[in-house]
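To start, the structure under review is shown below, and the notes come after it.
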Number of protein chains: 2
Amino acid sequence: MAEERKNLKKLCIHTITTKPWPIETAAQEFSAAGIGGITVWRDALAGRNIRQTGNRLRDLNLEVVSLCRGGFFPALTPEGRQKAIQDNLNAIDEAEALGAPMVVLVCGSAPGQSLADSRKQIQDGIAACLPHAEAANVKLTIEPLHPMYAGDRSAVNTLAQANDMAEALNSAHVGIAVDVYHLWWDPDLETQIKRCAANNHLSAFHICDWKTPTLDMLNDRGLMGEGCIDLKQIRGWVEKTGFTGFHEVEIFSNLYWQQEQSQFLEKIMAAYQQHA
Amino acid sequence: MAEERKNLKKLCIHTITTKPWPIETAAQEFSAAGIGGITVWRDALAGRNIRQTGNRLRDLNLEVVSLCRGGFFPALTPEGRQKAIQDNLNAIDEAEALGAPMVVLVCGSAPGQSLADSRKQIQDGIAACLPHAEAANVKLTIEPLHPMYAGDRSAVNTLAQANDMAEALNSAHVGIAVDVYHLWWDPDLETQIKRCAANNHLSAFHICDWKTPTLDMLNDRGLMGEGCIDLKQIRGWVEKTGFTGFHEVEIFSNLYWQQEQSQFLEKIMAAYQQHA
């Protein structure tokens, strides 16, 4: 049991992974299992006092790893883009109140304009939020998303693109999230992980698995070990850079959300120890 | 009408696009509409004399653009890989009999081994088939597939990877198919199209559109103009290299396969003239 708890100290679970649980239940269950971290999705904070919620998580010995999510900067109108920036400023305030060191960005993509335009609006949007992020000491973490989301969720689809953007933004308050689900296929991944870490931009590491077949483009992610991602190899690349952060389990799954969440949590912990 | 027919001379339609039609019906309808080319899927040849079918297509003034598809080289066992090579040798024979100048390869990916291993097996498999392809004067055309198919359909997921592989194979009988559905998201696409053409490897251009949302990972492709791909930009990049080949409409769509195929063909021609 001591060994098991040691292994779980770097495990972090996203509240959306156990979506049926309210954050209070999730926090108690994660804490009781000896899990070290929690990443909070903003919907889980609805109706709560954010500062008190953050304190409660820390009282349960949970480290608040990040707040998910900001982003969605591209829009076809200046008003739409300004609204997105305001939402990200709010997310920064929420992260500060919660005590989360970063906001993870799903960058966005606007059908009806080119990916190049969307990418420029993403970079401009992050730049517009950076002074506020610096003042709050909250990092803005770019998460490159799988190319199958290029049409409507993110025009940043490879780690190379995220590295380019983070280098251009050139701020200690910009980070990058490496999520195996989005990046596992990329033949350039090892090289880009090294580059990301050498730039001091590698700020989050998300894990799950890619099932074959995948039945739903959004909500059919697999538990570690259920799919075809060589998780240990990618984790090796990440840790070889000196990364000592959390391994964050982020699983959207209609299948698992229908199951009893305590049993699902047991499966997550077993899969983490065996396959991640 | 004369103008319309002129526009359709470089249009080619894949038999799978109008899957409910047997090839005889498809050929008559395409020919009557003034369409210049047809790409034949192997399932459409089941039970037919292949050589006679090829002659019949040419009698209808249809150019046989390619045979789809070979590939699926990776396998966990030597027997599995040898079986795949044999199937590709058969495909080359079928292409020769049909009078198709190339076999398009969906390269394959074997869950249970690394993508790097699958890629090596793809390259080795193509190399093993090349002497037969040269003897038959049939080109083996690598089609990089969207990264969402990396798990089980192709470990070649970018044009850069296809270019690398084609360069390594270094044969006049290796080509590459640029399909906008698979490649549109890639920020490196224009550069890699130039490289592909400069190497004399650009042998096919496939068109359709990416719908948002996409409801099915395999069979929910859109008609040109229905989605977010900037087709005219990509076509411009392709034609700027000097490419004068066909524009091949390859649409897998549960939606369109349920419709009356003559009406669907009208929609394809209108979409081609307006959006491609």
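Here, each number is a calculation from the coordinates, and none is a lab measurement. Only a predicted model underlies this, so the values are computations on that prediction, with no experimental measurement involved. Neighbour counts run over all protein chains shown; Cβ positions are idealised from the backbone, glycine included.
Which residues' amide hydrogens lie under 5 Å from the amide hydrogen of A:TRP41, considering only partners 5 or more residues apart or on another chain, with H built in the peptide plane?
A:THR15, A:ILE16, A:CYS68
With the Cα gyration tensor of the range A:96-231 in hand, convert its eigenvalues to equivalent ellipsoid semi-axes via √(5λ) and list them largest first in whole Å. Please report the intermediate quantities before stating the final value.
Values: eigenvalues 122, 62, 43 Å².
Over the Cα atoms of the range A:96-231, the semi-axes work out to 25, 18, 15 Å.
Quick check on the protein assembly as shown: of the DSSP beta bridges with both residues there, what percent are antiparallel, nearest 5%? Mind showing how you got there, number by number?
Values: 4 of 62 bridges.
So the antiparallel bridges amount to about 5 percent of the total.
What are the ³J(HN,Hα) couplings of the range A:44-49, residue after residue, when phi is run through the Karplus curve with 6.51, -1.76, 1.60 and θ = phi - 60°? Round to Hz, x for glycine and proline.
6, 9, 4, x, 9, 7
I'd like to compare B:8-17, A:130-139: which one has the highest average count of other Cβ atoms within 10 Å, and what's the full order after that? Before the final figure, lay out the partial values.
Numbers: B:8-17: 22.5, A:130-139: 17.8.
In decreasing order of mean packing, B:8-17, A:130-139 become B:8-17, A:130-139.
Just name one of B:VAL178, B:SER253, B:THR214: the one whose Cα is farthest towards the positive end of the charge dipole of the range B:120-276 (beta-carbon charges, Lys/Arg +1, Asp/Glu -1).
Farthest along the dipole direction, towards plus: B:VAL178.
If a paramagnetic tag sat 7 Å from the Cα of A:GLU24 along the Cα-Cβ line, which residues of the range A:41-80 would have the backbone N under 12 Å from that point?
Residues A:48-49, A:53 fall inside that zone.
Roughly how many debye, to the nearest 20, is the charge dipole of the range B:65-181 about its Cα centre, given +1 on each Lys and Arg Cβ, -1 on each Asp and Glu Cβ, and no other charges?
For the range B:65-181, the charge dipole is close to 160 debye.
Based solely on C-alpha atoms, express the radius of gyration and the Dmax of the range A:17-160 in angstrom.
For the range A:17-160, the Cα-based Rg and Dmax read 16.1, 48 Å.
Pull up all non-local amide H partners of A:GLY227: gap of 5 or more, or a different chain, and H-to-H distance under 5 Å with H placed in the peptide plane.
For A:GLY227, whose amide H was placed from the backbone, the distant partners under 5 Å are A:TRP210.
Under a Cβ-only charge scheme (Lys and Arg +1, Asp and Glu -1), can you give me the dipole magnitude of the range B:2-275 about the Cα centre, in debye to the nearest 20?
Numbers: 25 positive and 33 negative charges, 70 e Å.
Here the range B:2-275 has a charge dipole of around 340 debye.
How crowded by other chains is B:111-123, given as the mean number of beta carbons from other chains within 10 Å of each beta carbon?
Working: counts 5, 2, 2, 3, 8, 3, 0, 0, 1, 0, 0, 0, 0.
Across B:111-123, the average partner-chain Cβ count within 10 Å equals 2.
Among the DSSP beta bridges whose two residues both lie in the range B:2-275, what percent are antiparallel, rounded to the nearest 5?
On the way: 2 of 31 bridges.
Roughly 5 percent of the beta bridges in the range B:2-275 run antiparallel, per DSSP.
Using 10 Å bins from zero, what percent of all Cα-Cα pairs in the range B:64-118 falls into each bin?
Reading the bins upward from 0: 26, 44, 23, 6.
Per residue of B:140-153, count partner chain C-beta atoms within 10 Å of its C-beta, then hand back the mean as an integer.
Details: counts 0, 0, 0, 0, 0, 0, 5, 10, 8, 4, 9, 11, 6, 2.
Mean number of neighbouring Cβ atoms from other chains: 4.
Net charge near A:GLY70: determine it from the other residues with C-beta under 12 Å of the C-beta of A:GLY70, scoring Lys and Arg +1 and Asp and Glu -1. Please list the in-between numbers first.
Working: positive: A:ARG42, A:ARG69, A:LYS139; negative: A:ASP87, A:ASP93, A:GLU94, A:GLU143.
Its environment carries a net charge of -1.
Round to the nearest 0.05 the FRET efficiency obtained for A:ALA168 and B:TRP257 when R0 = 35 Å and r is the Cβ-Cβ distance. Please list the in-between numbers first.
On the way: r = 45 Å, r/R0 = 1.29.
Taking R0 as 35 Å, the efficiency between A:ALA168 and B:TRP257 is 0.20.
At q = 0.07 Å⁻¹, what log₁₀ I(q)/I(0) does a Debye calculation on the Cα points of the range A:2-275 give, no solvent, two decimals?
With no solvent term, the Cα-only Debye profile gives -0.23.
Once you average over the residues of B:181-187, how many Cβ atoms of partner chains fall within 10 Å of each Cβ? Please report the intermediate quantities before stating the final value.
Values: counts 0, 1, 1, 4, 12, 5, 11.
Averaged over the peptide's residues, the number is 5.
Please check which bits of the range A:246-262 a label hung off A:ALA270 would reach, taking the label as a point 7 Å along Cα-to-C-beta and the cut-off as backbone N under 15 Å.
So the set is A:260-262.
Where nothing but the Cβ of Lys and Arg (+1) and of Asp and Glu (-1) is charged, how large is the charge dipole of the range B:146-247 around its Cα centre, in debye to the nearest 20?
Values: 8 positive and 13 negative charges, 52 e Å.
About 260 debye.
If you take the beta carbon distance between A:ASP124 and B:GLN233 as r and set R0 to 30 Å, what does 1/(1 + (r/R0)^6) give as a FRET efficiency, to the nearest 0.05?
Details: r = 22 Å, r/R0 = 0.73.
In this case the efficiency is close to 0.85.
Efficiency by 1/(1 + (r/R0)^6): what FRET value for B:SER31 and B:ASP216, r their Cβ-Cβ distance, R0 = 25 Å, to the nearest 0.05? If you can, show how the numbers build up before the last one.
Values: r = 31 Å, r/R0 = 1.24.
Computed FRET efficiency for B:SER31 and B:ASP216: 0.20.
Quick one: which residues, 5+ away or cross-chain, put their amide H under 5 Å from the amide H of A:LYS139? H built at 1.01 Å from N.
A:MET102, A:VAL103
Along the range A:33-40, what does the Karplus equation 6.51 cos²θ - 1.76 cosθ + 1.60 (θ = phi - 60°) give for ³J(HN,Hα), rounded to whole Hz, x for Gly and Pro?
Going residue by residue, I get 7, x, 6, x, x, 9, 10, 9 Hz, with x marking Gly and Pro.
Using the 7 Å Cα-to-Cβ label point, sort the distances from A:GLN258 to its equivalents in the other copies shortest first and give them in nm to one decimal.
Computed spacing set for this position: 2.1 nm.
Sticking to Cα atoms, compute the Rg of the protein assembly as shown to one decimal and its Dmax as the biggest Cα-Cα distance, whole number, in Å.
25.3, 81
Output wanted: per-residue J couplings in Hz (rounded whole) for the range A:200-210, from phi through Karplus 6.51 cos²θ - 1.76 cosθ + 1.60, θ = phi - 60°, x for Gly and Pro.
6, 9, 7, 10, 7, 9, 10, 10, 5, 8, 9
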